[in-house]
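Just below is one structure, and these are the notes that go with it.
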Amino acid sequence: MAHFQRQGRLLPVAWPLYLAAAILPFVLGVLIMQFLAGSLPGGIEALIPVALGDDDGAVDELAHLGDLLTYGAAFFIQVATCAVVLQLHWSSIRTQTPETGTACIRLLLLILAVGAGVATVVRVTDAAAYALTYDLTRGLLLSVDGLPESFAAGNYFLGQSRMFFSAAMPFLIGVLVVAFGAAAGAAESTPTDTAAPEWERCFGERFERLQNAFRGSSLVLVTSAVSLMLFLQLPAPSMSESYGEAVSRFALALTVYWGVVMTLTLLALFLPPYLAMRREAIRRHEIAGTNQDLEKWLDERQHRPMRRHLANLATLLAPILVGPVGSLAQSIMGG
C-alpha cells in the first residue's frame, strides 16, 4: 500500500480492469432488462392483474415478457462472446509486421464497406432475406395488442422501435466478427521464410492463433444461431394454437437456413488461411529433407489440420440445427 501511495495511485494501473470485470456484467444486465421491459404498456403495474386472475391480456403480456427476457439473455451471451472474439482477432492483427497490419486494416475496411453496400441493397429492395427474417416477425408482433405491439412499434430512438435495435445489435456485431476474422485469417496466412531457424516457433504461434480464432468464431456461430431462433419465435406464443405452430415451424426452418449460411461463412473464412499454412508447412518439410511422413511430422509439431475443430463445431451445432430439422420432419410426417 505504501508503494501505491508513493506513486499517488489508489490501485495499480491495470487494476481498474478488475473493477470493470466485476461490475460491468451486472450493469449491462440491468440495462438490457430495462430496454426490453421498458416497452410494457402501463408499466410493471399492468402485470398485477395476473395474480388476481382478472385480465387474460396481462397473462399474455407476462408470458411475452418472459420470452423477451429469454431472448435478452441469449443476446447478452452473443454480444459478450463477440466482444471477446473481436479482441482475439484484433490481437492477431496487432502481432503482425507494420506492412501486414496495414494491409489487414485495409482489408477490414473494404469488407465493411462492401458489406454495408450489400446490406443497403437488401434493405432498399426489401429482399426476402430482410422481409422474412425481420419484417415478418415485426408484422406478427404488431398484430398482437399490448406488449408485443409496443415492442415492435413506436418511436423509441431515431424513429425505430425497440425491436429494431434488439435485432440490429446482434447482426452488426456479428458482421464485425466476420470482418475481423477475415483480416486475422489473412494476417496469419502471410508466409514467413521457411528456411529461417526460427520458422517452426513462428509458424507454431501463428497456427495456434488461427486455431483459437476458429474456436472463438465457432462459439459466436452457435450463440448467434440460438439468439436468432429465440428472436424468430417471439410471436408464436401470442398467436392462436394453429398459427403459433406454423410460426414456430417457420422460425425453426429459418434458423436452420441461416445456421447453414453462417457455417459456410465460417468455413470460407478459415479454410483458405489453413490451406495456405499447410502449403507452407509442406515446403518446410521438403527443405528439412526428412524421411518422416508429412502427417506424422505435422503431428509432432501440433500443426494439425482443422478437421478436429470442424468436428467440434459439428458437435456444438448438432442440438441447434439437427433438433429443428427433426422437429420439422416430425411435423411434416404427421408426428
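For the reader, a short list of remarks on this structure follows.
- With every protein chain in place, segment 111-232: carbon and sulfur % of accessible area (1.4 Å): 69 percent
- Spin-label model distance (nm) - ALA116 vs LEU275, 7 Å beyond Cα toward Cβ: 3.1 nm
- Spin-label proximity, THR102 to segment 176-217 - amide N less than 17 Å from point 7 Å beyond Cα toward beta carbon: 187
- Residues whose placed amide H lies under 5 Å from that of ALA153, excluding near-sequence neighbours: none
- Extension gain (nm, one decimal) between THR95 and THR125, 0.36 nm per residue minus Cα-Cα: 6.7 nm
The values are calculated or read from the model by the stated rules, or taken from the named source; none is laboratory data. Source: prediction; values computed, not measured. We place every Cβ from the backbone using ideal geometry, glycine too, and count neighbours over all the protein chains shown. Ligands, DNA and RNA are excluded from the accessible area calculation, which covers all protein heavy atoms including side chains. Shrake-Rupley method; radii C 1.70, N 1.55, O 1.52, S 1.80 Å.
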